[in-house]
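Report on one structure; see the data block that follows.
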Amino acid sequence: MTVVIVGAGIGGLTAALALRAQNIDTIVLEQATELGEVGTGLQIGPNASRVLYRLGLEKDLAPISLTVEESVRRRWKTGEILTKTTLGSAATTKFGSPYLHLHRADLHSVLHHAATDPQRPGPPALVRTTARVASIDQTDPERPVAVTTDGTRWQADVIIGADGIRSAVRAAIGGPGDIETSGDMAYRTLVPAETLRVDPATRWIFDWPAAQFWLGENRHVVAYPVRNMEYVNVVAIAPVAPQVDLEWRCEVDATQMRQEYAGWDERLTRLLAASPDRVTAWALNYQKPFADWNHDSIALLGDACHSMLPYFSQGASQAIEDGAVIAEELAAADDGETTIPHALARYSSRRADHAGIVQNGATNNRDLFHLPDGPAQLHRDAQFRSHHEESNVSFDWIYHGTPLADDHRLLPR
């Protein structure tokens, strides 16, 4: 079996590595001229770290990740703690693997090396850059062809579209094209630790690895240390600006970000004041859940089929789960136990509803996080203090992840 994966992001490379572990040949087509990942920090839940660990990456991840001890929700103005979710060793014991913070580019590099390293078991993935897929030729349903803009034809037994919210593969199989605008944007930046460590208002952030959330009207901010506590990752959510809404992603003056949180907790405003002068702004767009992730020998993965808002910090983790499950199902087809279309249908049935629940939960959290001061906010805070779940989606359910086959199915055969 040969599988062509369109897109070399976190989800696409996880799928390539998981398929390699099943002794399946993969070719990864990436439209960018250089392989890399845009972004800053990343939260990886136990549902995803257990997949990465099963794929043999525990030692690779150790020097680039921090095990998160807790997730803290705070009031916007005072910084008063509303609730804490205990993680650390308790999460590792409960879910079998830890909750991690790391830099997106670091995880991307580990996945790329593991997928292509000739010294690892299984056939190394072939990764091609400057390979933008323009169309999918489905003349032979059993041997679809990914056609790149330069006319190169990449025929395979399976094509996996891991090419993001604007997926060309999703469009080729008739998937929905409507993209929803949330009305929000995210300022993203990394703040160097040197300045923060000498400021009494911010040095506490390095006491131990934790995710700090400040919640306020139409806004919230998440901050946590990454890269061995050399930086603090900041994601600041606010109403989308016209320029960002139009361009989806652009660089803006950090003053614009700081002004959004004037009057908030001094510890937060001092943190934002130490950021670089330019920050990246992303429009937070998404799709509504849908179930048809596969057609004949073609399937979708990651943001191509479940782009979601970041209010559960689960986008990358859900894509990693996709990679594990699709590899399990295609291994059964490679062994002759089933057909490829049936294997992909099983993958879709195992993952689509599950990811859809996470998508909807994240959307609901937007409203919960952004309440104005008043009765609804007071009720929310009271629920938080009594350790009520944020939404109707349990963290326990999310972090247990999609049930996988026995551990050996994700190890080299």
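On the basis of being open to solvent by 10 Å² or more (accessible area, probe 1.4 Å), closer than 25 Å to SER49 by Cα and either touching a Lys or Arg at 6+ places or on another chain (Cβ under 6 Å) or not aliphatic (A, V, I, L, M) (or both), does SER307 make the cut? No: the conditions fail for SER307.
Only one entry in ALA291, ALA281 is over 21 Å from MET185 (Cα atoms) and not in a helix (DSSP H, G or I), namely ALA291.
The residue list ALA114, ALA91 contains one member that is farther than 21 Å from PHE312 by Cβ, more than 18 Å from the chain's Cα centre (by Cα) and touching a residue at least 12 places away in the same chain (Cβ under 8 Å), which is ALA114.
Checked against (1) open to solvent by less than 50 Å² (accessible area, probe 1.4 Å); (2) more than 25 Å from GLU70 (Cα to Cα); (3) in a loop (DSSP other than H, G, I, E, B), GLY177 meets all criteria but (1).
Restricting the stretch 1-29 to residues that are part of a strand (DSSP E or B) and aliphatic (A, V, I, L, M), the residue that is surrounded by the most Cβ atoms within 10 Å (Cβ to Cβ) is ILE5. Considering only residues in the stretch 70-103 that are surrounded by fewer than 16 Cβ atoms within 10 Å (Cβ to Cβ) and among the basic types (Lys, Arg), the one that is modelled with the highest pLDDT turns out to be LYS77.
Remark: pairs (first residue in the stretch 322-347, in contact (Cβ under 8 Å) with a residue 40 or more places away in the chain; second residue of a type in the set (S, T, N, Q) and assigned to a helix (DSSP H, G or I); Cβ separation under 7 Å; 6+ apart in sequence or on different chains) = GLY323/THR14.
Being in contact with a Phe, Trp or Tyr (Cβ under 8 Å, 6 or more places away or on another chain), among the polar types (S, T, N, Q) and modelled with pLDDT under 95: is that true of THR67 here? So THR67 fails the test.
Considering VAL252, VAL235, VAL244, which residue is in a strand (DSSP E or B), open to solvent by less than 10 Å² (accessible area, probe 1.4 Å) and out of contact with any Gly (no Cβ under 6 Å at 6 or more places or on another chain)? Testing whether each residue is in a strand (DSSP E or B), open to solvent by less than 10 Å² (accessible area, probe 1.4 Å) and out of contact with any Gly (no Cβ under 6 Å at 6 or more places or on another chain) leaves just VAL252. Restricted to the stretch 325-413, the set of helices (runs of 4 or more DSSP H) holding at least 2 residues that are at pLDDT 95 or above and farther than 22 Å from THR14 by Cβ comprises 340-369, 375-385. The residue list ALA62, ALA115, ALA48, ALA32 contains one member that is part of a loop (DSSP other than H, G, I, E, B) and either buried (at least 21 other Cβ atoms within 10 Å of the Cβ) or not β-branched (Val, Ile, Thr) (or both), which is ALA32.
When every residue of the stretch 136-157 is checked against the conditions, at least one turns out to be within 19 Å of GLY323 (Cα to Cα) and buried (at least 18 other Cβ atoms within 10 Å of the Cβ). Restricting attention to the stretch 189-206, the residues that are surrounded by fewer than 19 Cβ atoms within 10 Å (Cβ to Cβ) and assigned to a helix (DSSP H, G or I) add up to 6.
The values are calculated or read from the model by the stated rules, or taken from the named source; none is laboratory data. Note that this is a predicted model, so its numbers are computed, not measured. Positions of Cβ are backbone-derived with ideal geometry, glycine not excepted, and every protein chain shown enters the neighbour counts. Each accessible area value is taken on the protein alone, full model and side chains, heavy atoms only, with ligands, DNA and RNA left out. Shrake-Rupley method; radii C 1.70, N 1.55, O 1.52, S 1.80 Å.
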